[in-house]
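Trainee: Please find one structure pasted underneath; my questions will follow.
The values are calculated or read from the model by the stated rules, or taken from the named source; none is laboratory data. Computed from a predicted model, the values in this text were never measured in an experiment. Glycine gets a Cβ as well: all are built from the backbone with ideal geometry, and neighbour counts include every protein chain shown. For accessibility, only protein heavy atoms count, side chains too; no ligands or nucleic acids. Shrake-Rupley method; radii C 1.70, N 1.55, O 1.52, S 1.80 Å.
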Amino acid sequence: MSDDPKATQVDKTDAEWRAELTPEQYRVLRQQGTERAFTGAYWDNKVSGRYLCAGCGAELFGSEHKFDSGTGWPSFWQPTTDGVVAVERDTSHGMVRTEVHCARCGSHLGHVFPDGPRPTGERYCINSVSLEFVAEDQ
Ligand code: FE
């Protein structure tokens, strides 16, 4: 395994990530970037289904936990299962935030804020580009 503490189960070099991801995915997932609000594929997606990690395919979020936060990013009040995402203190850009990344591959997903709806009161503010949506079978 690499000595990157975020690379928990998927051990890829930076060059491998860069080759596999689109430039925008690489910028967000591997360089902690943020897509512009209201530009992503999923902020307004209301279809039932699963949201997988765009880096490794792990199932991270579900439509049953998605809500309209008005922010322009897909927002969830909890991940699909405990432990599928991990958090880290982020002091970049002159703010203190809680960064959220995929527990399996370490890819950056977004941030979590304590102003979400019940029952958790949490708002996972996630970049669309970090996710791959799979609609539920109808
Ligand atoms: Fe992942």
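Trainee: For ARG104, all conditions in the list (1) open to solvent by 40 Å² or more (accessible area, probe 1.4 Å); (2) touching a residue at least 12 places away in the same chain (Cβ under 8 Å); (3) over 18 Å from ARG30 (Cβ atoms); (4) out of contact with any Pro (no Cβ under 8 Å at 6 or more places or on another chain) hold save one; what is the number of the exception?
Mentor: (3)
Trainee: Restricting attention to segment 58-65, does a residue exist that is within 11 Å of the ligand (Cβ to nearest atom), touching a helix residue (DSSP H, G or I) at 6+ places or on another chain (Cβ under 8 Å), at pLDDT 95 or above and not in a helix (DSSP H, G or I)?
Mentor: Within segment 58-65, the subset within 11 Å of the ligand (Cβ to nearest atom) is 58-60.
So of that shortlist, the ones also touching a helix residue (DSSP H, G or I) at 6+ places or on another chain (Cβ under 8 Å) come out as none.
Within segment 58-65, none of the residues are within 11 Å of the ligand (Cβ to nearest atom), touching a helix residue (DSSP H, G or I) at 6+ places or on another chain (Cβ under 8 Å), at pLDDT 95 or above and not in a helix (DSSP H, G or I).
Trainee: Do we find that SER75 is farther than 24 Å from ALA41 by Cα, among the hydroxyl-bearing types (Ser, Thr, Tyr) and either away from the ligand (no atom under 16 Å from the Cβ) or surrounded by fewer than 17 Cβ atoms within 10 Å (Cβ to Cβ) (or both) in this structure?
Mentor: Details: farther than 24 Å from ALA41 by Cα: no; among the hydroxyl-bearing types (Ser, Thr, Tyr): yes; either away from the ligand (no atom under 16 Å from the Cβ) or surrounded by fewer than 17 Cβ atoms within 10 Å (Cβ to Cβ) (or both): yes.
So SER75 does not fit the description; no.
Trainee: Given the conditions (1) outside any strand (DSSP E or B); (2) farther than 28 Å from ASP137 by Cβ, report the number of the one that HIS101 does not fulfil.
Mentor: All conditions pass for HIS101, except number (1).
Trainee: Another question about this same structure. Can you name the residue in segment 46-56 that is in contact (Cβ under 8 Å) with a residue 60 or more places away in the chain and more than 16 Å from LEU109 (Cβ to Cβ) and is also least open to solvent (accessible area, probe 1.4 Å) among such residues? Even if it seems obvious, please write down each step before you answer.
Mentor: Looking only at segment 46-56, we keep the residues that are in contact (Cβ under 8 Å) with a residue 60 or more places away in the chain, and these are 47-55.
Restricting the remaining residues to those that are more than 16 Å from LEU109 (Cβ to Cβ) gives 47-49.
Values: VAL47: 68, SER48: 50, GLY49: 0 Å².
Once the filter is applied, the top-ranked residue is GLY49.
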